[in-house]
1. Calculate, for Glu47 and Ala19, the FRET efficiency according to 1/(1 + (r/R0)^6) with r their C-beta to C-beta distance and R0 25 Å; round to the nearest 0.05.
2. Using 0.36 nm per residue, how much length does the chain from Thr111 to Asp83 gain when fully extended, once their Cα-Cα distance is taken away?
3. Using 7 Å Cα-to-Cβ label points, what is the Thr90/Leu67 separation (nm, one decimal)?
4. Using a Förster distance of 30 Å, how high is the FRET efficiency between Ser39 and Asp158, based on the Cβ-Cβ distance and rounded to 0.05?
5. Determine ³J(HN,Hα), in whole Hz, for all residues of region 174-188 in sequence, where each value follows from phi through the Karplus function 6.51 cos²θ - 1.76 cosθ + 1.60 and θ = phi - 60°; x replaces Gly and Pro.
6. At 1.4 Å probe size, what's the solvent-accessible area of Thr79? Round to the nearest 10 Å².
7. In sequence order, what are the phi-derived ³J(HN,Hα) couplings for region 55-70 according to the Karplus relation 6.51 cos²θ - 1.76 cosθ + 1.60 with θ = phi - 60°, rounded to whole Hz, with x for glycine and proline?
8. Explain nothing, just compute: Karplus ³J(HN,Hα) = 6.51 cos²θ - 1.76 cosθ + 1.60, θ = phi - 60°, for every residue of region 90-105 in order, whole Hz, x for Gly and Pro.
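The values are calculated or read from the model by the stated rules, or taken from the named source; none is laboratory data. This structure is a prediction, so every number in the text was calculated from the model and none was measured. Neighbour counts are summed over all protein chains in view; Cβ atoms, including those assigned to glycine, are modelled from backbone coordinates with ideal geometry. When the accessible area is computed, the model is the full protein with side chains, heavy atoms only, and any ligands, DNA or RNA have been set aside. Shrake-Rupley method; radii C 1.70, N 1.55, O 1.52, S 1.80 Å.
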Amino acid sequence: MVALADHEPRSRAGRPMRADARRNYGQLVEQAKIAFAESGVDASLDEIARRAGVASGTLYRHFPTRLDLIEAVLAEQITELIDLGRRLLTAEDEFDALSTWLRAALEHGLTYRGLSATVMNSALDRGDSLVSTWHAQMFEVGAALLARARQSGAIVADADDADVLKMIGAIAWATQDAPDSSARADRLLALLVNGLRHGGVQR
């Protein structure tokens, strides 16, 4: 993953980190992942540092801005989604593989609501191509799973890649603030998946 490798933990000077610094980096990203899932992108950075067992200054040495920390968390999550999709490309059941990945993508959108939008908006302001590359790689693996399911006859032939992936984002957006967000998202995902199933759509 060339693009995501830019977020491998390195010192600010670009040199590989010492073992203790690497541990601190890993703990900060892990605790930020939990805090952002709990409280959104405005989670307290000082509290993240405390949970990671380091001083606030250590956090700011690794991540000078909030956006740097958000990008590190998002890069890790997107890498996991892409890796999952690539593994599923060899699964025996094409429809189940697609459904599994779509559910993982939806859970990511629900858990880390606001992170993608924050990073994307900042990337547009800065002319940053890295974030665009992340999304392109996610689209690539999602489209490959859809194509494989189409070729096997498991889903309708005219299922459009962009439409399906946009609907996953729309489900996450539409249900994120509901008291029963997970249950409602599951119902909407089931409607989408059933609609994709071959013969499930009436013309």
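1. Computed FRET efficiency for Glu47 and Ala19 comes out at 0.50.
2. Full extension of this stretch gives 8.2 nm more.
3. My value for the distance between the label points is 3.9 nm.
4. Efficiency at R0 = 30 Å is approximately 0.15.
5. Running phi through 6.51 cos²θ - 1.76 cosθ + 1.60 with θ = phi - 60° gives 6, 10, 4, 9, 6, x, 10, 4, 5, 5, 5, 5, 4, 5, 5 Hz.
6. Accessible area of Thr79: about 40 Å².
7. With coefficients 6.51, -1.76 and 1.60, one gets 6, 4, x, 5, 4, 6, 5, 7, 10, x, 10, 4, 4, 4, 5, 4 Hz.
8. 10, 5, 5, 9, 5, 5, 5, 4, 4, 4, 4, 6, 4, 5, 5, 5
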